[in-house]
Every structure is written in structure tokens, then in C-alpha cells.
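Notes follow once the structure below has been shown.
The values are calculated or read from the model by the stated rules, or taken from the named source; none is laboratory data. Quick caveat, the model's predicted, so the values are computed rather than measured. Neighbour counts run over all protein chains shown; Cβ positions are idealised from the backbone, glycine included. Note: areas computed on protein heavy atoms with side chains; ligands, DNA, RNA excluded. Shrake-Rupley method; radii C 1.70, N 1.55, O 1.52, S 1.80 Å.
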Amino acid sequence: AAGHTVHTIGVDIDPTLTHPEGVDEFICADALDIDWSTVLRGECADVVVGNPPFRSPLPRGQHTASTPTADTGPYGDLALAFIDLSMTLVRPGGRVVLVLPTSVLASRDAGRVRRRAEQRAVLDTWWWQPDRVFDAHVDVCVLGFTAGSVPRTVTGSPVWSHVVTSSVGVPDLGTFTVDGTVGDRC
């Protein structure tokens, strides 16, 4: 309606899916294995929308040497790799919207990915509710980001727990100065 040409690309790993109506290009592959510079012809995407797979090693009690990204830590969910990927694919001013497990909001092993995401984009839209809305036994949230034109300096390990706490009425407690651990005090 605004006179723009829209080219949509769909990606799914399921080989039984047929080319969805309204999608210009459909790729049956793992999005993490695609050469995106070729697919996007050296350009960046205006919008990245995804519902990536979730795969935490915790429910199965397993830990493997392979982690979702090079530095997520031993309990990083596979969905973290899709946050990283999305941030590299979107143009400055573009949008990223992802359905993610709530574990990405504050878990230790998601900290570096959250920091990299905040260096590239601003988390400005979110959705969460206490009821499970999918058949999978996982709590989810939807996070929306707007990519910036220049990298921002982000120190420490930012948390996004306000996505849940603001929804249930927990007030912002600010930042605490800490010295040592509970173990030091015991």
C-alpha cells in the first residue's frame, strides 16, 4: 500500500511442509546453516520474525560439548543462537520479533547473547502471560527489538526479567551493590 516491494523468505527444517501461500521464497533447512549473505544478496532484512526451536539441556539432564553459540555457557538454550542470527540479519532501523523461552530473560548462560543483542538493538516491545499457550511444556515470551544504526556500549550482563515482573506487578528494585556471595556470609 505504501509502494514498497516486499519479498518474504520462509525457513523451516521440516521437509514435510509445503511452500506456504504468500511466501515468495521457501527454504527447507536449518536457519543456522544457511549462507544468508547469498540468500539476501548481500543486503540486510527489514524485518526478522521467528519462532525458533527451543532446546535446553536441563530437562533431559544432558550437557553436550556443543553449545548454541560459541560463548553461551553449558546451559544455553538453542534459541539463543537465533537471537544472535537475527541481530546479524536485520538492517539498522529494522525490526526483530521472536517467540522465545522465558529462560532467555535472566539466565546466566544467556547473558552474553543479551548483551550482544542490546549492543545492536533496543528491546522495546514484549509479551508474556502466565498461562502456557503452546502444546510444548515451556513458558514463552515474545520479544521485539528495533535495530540501531550504531553499536551501543553495554556493560555487564543485562537482564530482561522486567518482561515478566512488570506483567505481574513486581516493582523495579533498582540496582543493588553487592560484596561477596551468600556463601561468604555463612
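Selection of first residues in segment 102-115 that are polar (S, T, N, Q) and of second residues that are open to solvent by 10 Å² or more (accessible area, probe 1.4 Å) and part of a helix (DSSP H, G or I), restricted to Cβ pairs under 8 Å at least 6 apart or on distinct chains, gives the following pairs, ordered by first then second residue: Thr102/Val164.
Residue-wise test of (1) at pLDDT 95 or above; (2) outside any loop (DSSP other than H, G, I, E, B); (3) under 20 Å from the mean Cα position of the chain (by Cα).
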| site | (1), (2), (3) |
| --- | --- |
| Thr18 | no, no, no |
| Glu21 | no, no, no |
| Val49 | yes, yes, yes |
| Ser56 | no, no, yes |
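Residues to consider are Val99, Val122, Val142; find the one that is over 21 Å from Ile9 (Cα atoms) and of a type outside the set (Lys, Arg).
Numbers: Val99 fails: over 21 Å from Ile9 (Cα atoms); Val142 fails: over 21 Å from Ile9 (Cα atoms).
After applying the criteria, what remains is Val122.
Elements of the type helices (runs of 4 or more DSSP H) sitting completely within segment 74-186 and holding at least 3 residues that are open to solvent by 50 Å² or more (accessible area, probe 1.4 Å): these cover 111-120, 182-185. Filter segment 153-167 down to the residues that are within 15 Å of Asp124 (Cα to Cα) and within 19 Å of the chain's Cα centre (by Cα) and list them by number. Result: Pro158, Val159, Trp160, Ser161, His162, Val163, Val164. The residue pairs whose first member lies in segment 23-38 and is modelled with pLDDT under 95, whose second member is open to solvent by less than 40 Å² (accessible area, probe 1.4 Å) and not in a strand (DSSP E or B), and whose beta carbons are closer than 6 Å, counting only pairs six or more residues apart or on different chains, are Leu32/Ala81.
Candidates in segment 1-54 are the residues that are farther than 27 Å from Cys141 by Cβ and of a type in the set (S, T, N, Q); of these, the one that is least open to solvent (accessible area, probe 1.4 Å) is Ser37.
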